[in-house]
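Values in this text are rule-based calculations from the coordinates and carry no lab data. Nothing here was measured: the structure is a model prediction, and the numbers come from that model. Cβ: placed from backbone, ideal geometry, glycine included. Neighbour counts: every protein chain shown.
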Amino acid sequence: MSLLRTPLYDWHASHGARLVDFAGWEMPVQYSSIVPEHKAVRGACGLFDIAHMGRLRFTGPDAARFLDHLLTNDVSSLAVGQIRYSLVTNDTGGILDDVLVYRLPQSHMLVVNASNRLKIVDWIENHRSGFDVVIEDLTLSHFMLALQGPRALELLQPLVPVELSQIRYYHAVETTILSRPGLVSRTGYTGEDGVEVIVPAADALALWTTLFDQGTPIGLLPCGLGCRDTLRLEAAMPLYGHELNESIDPFSAGLAFAVKLEGREFPGRDILAARQHDPQRRKRVGLKLAGRRIAREGATVWIGIQKVGDITSGTFSPTLEQSLAMAYVDPGSAVEGTAVEVEIRGQRESATVVKLPFYRRPVTKC
Amino acid sequence: MDPQSLKYSPSDEWIHVEGGVATVGITELAVHALTDLVYIDLPKVGKTIQVDDVFGVVESVKAASDLYSPVAGEVIESNTRLADDLESLSKDPFGKGWLIKVRLSQPLSAELLDRAGYEANWDQRH
């Protein structure tokens, strides 16, 4: 099967991007290299093509009620313009995907992981009977970018008629961008302030090049998926396929805040209700390694001769200049300060269980 | 070192031989592909290595890569300064970024490549 390309493929190719297969899409992993792109986001601004993310629109009288039956988080209570993080769980409470659900004036929208889009579309088709809902996949007809970093809002501001600072975190507005219809949300996957923008695919290049041209003088860099991963890891945001999969429940993942059980029905709800207080559950924790080696996915976590966990993601943090990882460990080893060892390519390296997130952005002054 | 005068392995090591001692490093193409180096592990002086033995590892933010020995012999020097100064490997892979010196126990393999051969091999792999 040939790889999908975003409307910016040619731009990426002509700007030095290293393009890789990511979830069936030919995506830029980096333009220069991970560290400078990462630092641009923390210090100024980074521009990401995230058109591979799945965008599904729900309309019809039962749209909210249907999503409420699909998602672990509450949808009906969303105010217009509000966005909520949620999970899609299977009948045993395992995680099929982690998503953002948007309540917009005339519709609801679900943003899903590229790697899970077709699975979720199928799942939705198999669960929609009895609901009067129209579902459209806008992934290919529309484009999505993320503009992230402390200078992101000031950079987008001249292109929109709305006051961006009035959009609260996890809220969205339908507006115009460069006089064309679009959606701006105060969301992101970097741990930094910023926005994500959705526009028709035909308007992608004009918007991207405008932001690139106007942002370059203030330190904007185009950013690939490589630094998207190191940024989200510092912010301890889970990544599907690493911290999340169909055999992990939301409580182990530390995502209880996204599961509303009371008076609700969704796949796996009763199993999750029973498992909510299970003391045997493994926990997602952060690890700081003493040395500079990187604990990568699949590495074993030890205390003495006892295997206590498994690494799900690791990297060398460009911001903290330290080797960091996330892992699932037995509950007795999940306490902050616990000394463990991680087996990296046959050698054991010392590490300590630490509080998540590793990085929190400085509070912005208004 | 002049890259044109060196021998190369298809696993991106370069080799320079003088007086029965081979200096081994990794190429600028490999260093550039790795980007953002964070860690290097090299063998201790006195260790005996064979051709194709893993003699160390270099890690970047992106990936860990084994270092394969293109030569056989005893390690007589190891560039331990690199552990605290990976910049010099990134910036000067043919000079300050050398990795190990090996007293050869056998002649260089005839299969090692010259610069043109290595570049052709690299292009094939990328």
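For region B:3-106, the convex hull drawn through the C-alpha positions has a volume of 87 cubic angstrom per residue.
Which residue, chosen from A:V112, A:H52, A:Y102, occupies the Cα position most advanced towards the positive end of the dipole of the protein assembly as shown, where the dipole is computed from +1 (Lys, Arg) and -1 (Asp, Glu) charges on Cβ about the Cα centre? Farthest along the dipole direction, towards plus: A:Y102. Placing unit charges on the Cβ atoms only, positive for Lys and Arg and negative for Asp and Glu, gives the protein assembly as shown a dipole magnitude near 1140 debye about its Cα centre.
Ranked by the mean number of other Cβ atoms within 10 Å per residue, highest first, peptides B:113-126, A:51-64, B:47-60 order as A:51-64, B:47-60, B:113-126.
Shape annotation for region A:126-263: C-alpha extents along the principal axes are 47, 40, 28 Å, from largest to smallest. Here region B:1-98 is assigned +1 on the Cβ of each Lys and Arg and -1 on the Cβ of each Asp and Glu. Its dipole about the Cα centre then comes out at about 60 debye. Charged side chains reduced to their Cβ positions (Lys and Arg at +1, Asp and Glu at -1) give region A:55-135 a dipole of some 280 debye around its Cα centre. The phi-based Karplus calculation (6.51 cos²θ - 1.76 cosθ + 1.60; θ = phi - 60°) puts the 3J(HN,Hα) values of region B:11-21 at 9, 6, 8, 10, 9, 10, 10, 8, x, x, 10 Hz, whole numbers, x for Gly and Pro. Once the Cβ-Cβ distance between A:Q214 and B:Q106 is put in as r, and R0 is 60 Å, what FRET efficiency do you end up with, to the nearest 0.05? So the FRET efficiency works out to roughly 0.45. When peptides A:253-266, B:23-36, A:103-116 are ranked by their average number of other Cβ atoms within 10 Å per residue, the highest-first order is B:23-36, A:103-116, A:253-266. Simple rule: put +1 on each Lys or Arg Cβ and -1 on each Asp or Glu Cβ in chain A, find the dipole, and look at A:V184, A:L87, A:S252; the Cα lying farthest toward the positive end is A:S252.
Estimated from the Cβ-Cβ distance and a Förster radius of 35 angstrom, the FRET efficiency linking A:E265 and A:K355 is about 0.50. Among the lysines, select those whose C-alpha is under 29 Å from the C-alpha of A:K355, and discard any that sit fewer than 8 residues away in the same chain. Partners within reach: A:K39, A:K260, A:K283, A:K288, A:K307, A:K365, B:K62.
Computed over region A:231-333, the range of Cα coordinates on each principal axis works out to 48, 33, 18 Å, biggest value leading. In this simple spin-label model, placing a label point 7 Å from the Cα along the Cα-to-Cβ direction at both A:R5 and A:R180 gives a separation of 1.8 nm. Label-to-label distance, A:Y169 versus A:R345, with points set 7 angstrom from Cα along the beta-carbon direction: 3.8 nm. Across region A:282-354, Cα pairs under 8 Å and at least six residues apart give a relative contact order of 40 percent. Over chain A, the hull volume per residue, using the convex hull of the C-alpha atoms, is 146 Å³. A Förster radius of 35 Å, combined with the Cβ-Cβ distance separating A:V134 from A:N245, puts the computed FRET efficiency at roughly 0.70. Both radii come from the Cα set of region A:55-135: Rg as radius of gyration, Rh as Kirkwood radius; their ratio Rg/Rh reads 0.92.
Built from the Cα atoms of region A:282-354, the convex hull projects on average onto 4.1 nm², one quarter of its surface area. The modelled label-to-label distance between B:D123 and A:T92, using points 7 Å beyond Cα along the C-beta direction, is 5.2 nm.
Rounded to whole numbers, the Karplus 3J(HN,Hα) couplings from phi for region A:141-150 are 7, 10, 10, 9, 10, 10, 10, 10, x, x Hz, using 6.51 cos²θ - 1.76 cosθ + 1.60 with θ = phi - 60°, and x at Gly and Pro. Once Lys and Arg get +1 and Asp and Glu get -1 on their Cβ, which of A:I294, A:G337, A:P357 lies farthest toward the positive end of the dipole of region A:271-366? Of the candidates, A:P357 comes out farthest on the positive side.
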